[in-house]
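What follows is a short report on a single structure.
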Amino acid sequence: MVTAKDIPGKNCISLILDDQPCLAAETVNHPEEPILLLAHADCRMLRKAVDAVSIEYEPLPPVHTMEESERQSTIIWGTDNAFKSYLVEKGDVEAVWKDAAHIVEGEYFTGAQEQLYIENNGVIAAFDPEDGVTVWGSLQCPYYVHKALMALCGLPEDKIRVVQMETGGAFGGKEEYPSMIAGHAALLSIKSQRPVKIVYDRMEDMVATTKRHPSRTRHRTAVSKDGQILGGEIEFTIDGGAYATLSSVVLSRGTIHAGGPYYWPSVRIRAKAVATNTPPHGAFRGFGAPQSLFAMERHMDHIAQVAGISPVEVRRRNFLKPGQTTTTEQTIREDIDLDHLLGRALELSDYAAKKARFAEENRSGMRKKGMGIAAFLHGAGFTGSGERYLNSLVGVEAGADGGVRVLVSSAEFGQGTNTVLCQIAAEALALPYEGVMIARPDTTVVPNSGPTVASRTAMIVGTLVQSAAQGIKQTLMKTGLLGDNYTPEQFRASCGQFIRTHGALKSYARYEAPGDVYWDDEKYRGEAYAAFAWAVYVAEVSVDLTTYAVTVDDFVALQEVGKVLHPVLAEGQITGGVAQAIGFALYEKVVWQNGRMINNQMTNYIMPTSADLPPIRVFFEQLGNVHGAHGAKGIGELPMDGPAPAIVNGVEDAIGVRFRSIPLLPEDVFEALQPEPPRQQGPSSTRGTT
Amino acid sequence: MNPSPGTGTKCQILFTVNGEARKVLAHPMERLLDVLRNDLALKGTKEGCGEGECGSCSVLLDGMLVNSCLVPVVQATGASIVTIEGMSAQALMIPLQEAFLECGGTQCGICTPGMILAAVHLLEKTPEPAPADIREGLAGNLCRCTGYQQIFEAVAMAARRMVRK
């Protein structure tokens, strides 16, 4: 049995602010907060043990919504319930209102979403007085867990070992939470002096672990008479739950993506992450961007209506072009042509013909059809100065038999990391793919190449793998053991010779920020990302007026992600991301009661099955060349951003109702279509105004 | 939460697993999934949801595709069970594995054992499945990574190759 008193080090899950305790000592701030740990040699006995525990709570006033939190009548975190806020200011927004032909307002909401990896969170910890703590687990970021365990266990760097085991899906859900469960297993192991295994069951995993941050975005946009954005204000708020965890970083990405792929001559973005008494929300594929981009892309359709132009035209008139600047005043240097991408997506989806046909056919029948578009971007790698702070290190080593091993802390959990990084190393060394292996991410074996997040692995870590691999080649060439145009056999022989003389052959590469990158953390201005991936998605949807269910009938996903390193894996990232985003838009609703998810089962939290999804047609275009591993840009998160707004835009096209909130369930459609009294979806009464 | 301790006394249960006669001592209401994983160390059968929604724990029980998390072990008395470990003897296995690899039918891999069992079950009954048959045949198996499309392609490709042989 372990309580907070048994913690040898600092009682916190060390991450950014260290505000989250590993075990509550005096106060619990959300319904799933751990207080007491119990372990038994026969896990079936634990049910009895749990029944024997009684905890008395003295209730304090709770805060369960963003609005309550913002009102600050009850303070549950810091002095103002705000984990973080950002202010982005470009140009003079105050000057634009007077010239506006239209001022378009809108308020948009997205709900929490569970990552729902099919393998729940689980770890094994073993303590040894000599070696310290070892943890094997299903996780994304071995060095996050390593850092958290050093603080918690009060042990030095070399007395903590973290090993990533085969991981059955993650999607961000195993970015920060594994530090918590690993901490619990480590504490139990230290106290019991035995190995301890903790594997959550589905209900525990869904109720207690992190989810996508719920969000609210308000837009107020000045638009010219021909539909050009003159400037505007965006207010982006996310619910961070009870502790700071990664909310500041999620907020950052959401803030930077809030203006979409459009040119804003002036803009003011106010963003805030607020505290509520729910389990902390956390990393989930897209990381803030799907939230603010949902709002932006729904708002664009609204602007189109107010300006009296089509959803296609409003986007064409506002797209960012090379040489223009983003909301953070990053100059677009990539050779991107969004007009071309849009045109191609419309062609591939047969947009114009279908839209016209549906408008005709929708006059009768109970099945209404519509077409929706979303255009968007996703920045690859850590935001702003993030990559500089991470300072990632990557190794490549060769054995005496010429076998090459890539040493990175980047974890494989289905995205194809192992395949792609080995491909890059093999290419750099002119070896067959089979000649390169990847080391298991084990903190005693691999250097810290940063967390496996933020669509950074292929682009950032891949580039480092490439240069570390080249280092091996250069070493062999410099010592005269290897000539130009070598064969794999010559490479193997030279490795053997080198190792017989020098003992080992390893090469490391460390991240170096490109010299010309400017980012101001205070003003939130500058080069937010080294590269953006760009996309236009088109959804063909039907709304069944008998069941009120929305289905997606066809889906075109067209993107520009630089060089596609592995076409099959890349396509799998897109189809999987689109499927998850269809769930985000239409099926997956977290039902909250007093800060707790009450539908924490796969039976009543519904993710898409094979019967729910349309054909997802994936297309890649390569328009320019970026610096990076063979010109590859980040890809993993991009497909999470666009489907939800494309689908809801399609629903509006089909039935003419302006939904502003997801998930959009049949009951929401039903409610909106009731004749009297006219009801608005969502808690707000703000309407678009002209 | 952990499985509840079985009530009553343990009983001896005899069944065939992957062609081998096995004998286990278990509480009658223990889940077949737990007996396979813990008593017989057949860890290829995965638990995803524990309530018959996700299909990760699929096994064949007398030729039927079942969720082993929903089967009390006593119900398997005398039955013939095939788990993913027993699939290596199946003729369909090689084309299925190859097709899953070529098409990207596996990402994280946790749903793969169940998907393979569902696919074998389908292809044994329907050697030349239409796309709708594949979609329906796999509808009881959830995958969070792929969006299913590449799994459908893999099953269709394996079927084509088997029919050609």
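The numbers here are math on the coordinates, done by the rules we state, and not lab data. If you're wondering where the values come from, they're calculated on a predicted model, not measured in any experiment. Note: ideal-geometry Cβ built from the backbone for every residue, glycine included; neighbour counts use all protein chains shown.
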Given a Förster distance of 25 Å, the FRET efficiency implied by the Cβ-Cβ spacing of A:MET437 and A:ALA504, rounded to the nearest 0.05, works out to 0.95
Partner shielding of A:114-127, as the mean number of partner chain Cβ atoms within 10 Å, equals 3
Expected vector for the stretch B:145-158, Karplus 3J(HN,Hα) from phi with 6.51, -1.76, 1.60 and θ = phi - 60°, integer Hz, x for Gly and Pro, equals 8, 8, x, 6, 4, 6, 6, 4, 4, 5, 5, 5, 5, 4
Of all DSSP beta bridges having both residues in chain A, the percent classed as antiparallel (nearest 5) is 75
Partner shielding of A:407-419, as the mean number of partner chain Cβ atoms within 10 Å, equals 2
Taking placed amide H atoms and a strict 5 Å upper bound, the residues 5 or more places from A:VAL591 or on another chain that come that close are A:ILE598, A:ASN599
Mean Cβ-within-10 Å packing, highest first, puts peptides A:536-547, A:439-450 in the order A:536-547, A:439-450
Magnitude of the Cβ-charge dipole (Lys and Arg +1, Asp and Glu -1) of the stretch A:392-510 about the Cα centre, nearest 20 debye, reported as 320
For the pair B:ALA130 and A:ASP521, the simple spin-label estimate (label points 7 Å beyond Cα toward Cβ) gives in nm 6.1
Shielding of A:595-607 by other chains, given as the mean Cβ count within 10 Å, works out to 2
If R0 = 30 Å, then A:GLU130 and A:ALA4, at their Cβ-Cβ distance, give a FRET efficiency to the nearest 0.05 of 0.70
Note: probe point = Cα of A:ASP18 + 7 Å toward Cβ; backbone nitrogen < 16 Å; residues of the stretch A:150-178 passing the test are A:150-157
Length-normalised contact order of chain B, Cα under 8 Å, at least 6 apart, in percent, tallies to 23
For the protein assembly as shown, whose charge dipole is built from +1 on Lys and Arg Cβ atoms and -1 on Asp and Glu Cβ atoms, the candidate among A:LEU482, B:ALA119, A:GLN593 with its Cα farthest towards the positive end is A:LEU482
Karplus ³J(HN,Hα) for the stretch B:103-116 (6.51 cos²θ - 1.76 cosθ + 1.60, θ = phi - 60°; Hz, whole; x = Gly/Pro) runs 8, x, x, 10, 10, 6, x, 5, 8, 4, x, x, 4, 5
To the nearest 20 debye, the stretch A:26-118 has a Cα-centred charge dipole, built from +1 on Lys and Arg Cβ and -1 on Asp and Glu Cβ, of 440
Residue-ordered couplings for the stretch A:310-318, obtained by feeding phi - 60° into the Karplus form 6.51 cos²θ - 1.76 cosθ + 1.60 and rounding to whole Hz (Gly and Pro as x), are 7, x, 5, 5, 4, 6, 3, 6, 10
Summed over the other residues with a beta carbon less than 13 angstrom from that of B:LEU122, with K and R at +1 and D and E at -1, the charge totals -2
Measuring from its Cα centre, chain A shows a charge dipole (+1 at each Lys and Arg Cβ, -1 at each Asp and Glu Cβ) which, in debye to the nearest 20, is 380
Violations at 25 Å Cα threshold for listed pairs A:LYS90/A:LYS589; A:LYS355/A:LYS563; A:LYS84/A:LYS174; A:LYS321/A:LYS563; A:LYS174/B:LYS43 -> A:LYS90/A:LYS589; A:LYS355/A:LYS563
Percent antiparallel among DSSP beta bridges confined to the stretch A:181-332, nearest 5, equals 55
Between the alpha carbon centres of the stretch A:539-614 and the stretch A:47-87 the gap in Å comes to 31
Of A:475-485, A:282-292, B:63-73, ordering from highest average Cβ density within 10 Å down gives A:282-292, B:63-73, A:475-485
Scoring only Lys, Arg, Asp and Glu (+1, +1, -1, -1) among other residues with Cβ under 11 Å from the Cβ of B:ALA99 yields -1
For A:ALA531, other-chain or 5+-apart residues with amide H closer than 5 Å (H placed, Pro excluded) are A:ALA380
Placing each pseudo-label 7 Å from Cα in the direction of the beta carbon, A:GLN601 and A:ALA41 end up separated by a distance in nanometres of 3.5
In a Gaussian network model of chain B with springs linking alpha carbons closer than 10 Å, the residue among B:LEU25, B:LEU123, B:LEU14 that fluctuates most is B:LEU25
Rg/Rh of the protein assembly as shown (Cα atoms, Kirkwood Rh), to two decimals, equals 0.96
Taking placed amide H atoms and a strict 5 Å upper bound, the residues 5 or more places from A:TRP519 or on another chain that come that close are A:GLU527
Summing +1 per Lys or Arg and -1 per Asp or Glu among the other residues with Cβ less than 12 Å from A:VAL536's Cβ gives -4
Output ordering of A:550-558, A:609-617 (per-residue mean of other Cβ within 10 Å, highest first) is A:550-558, A:609-617
In vacuo Debye sum over C-alpha of the stretch B:11-84, base-10 log of normalised intensity I(q)/I(0) at q = 0.28 Å⁻¹, listed in q order, is -1.52
Here, B:GLU20 and A:THR487, labelled 7 Å along Cα→Cβ, have an inter-label distance in nm of 4.5
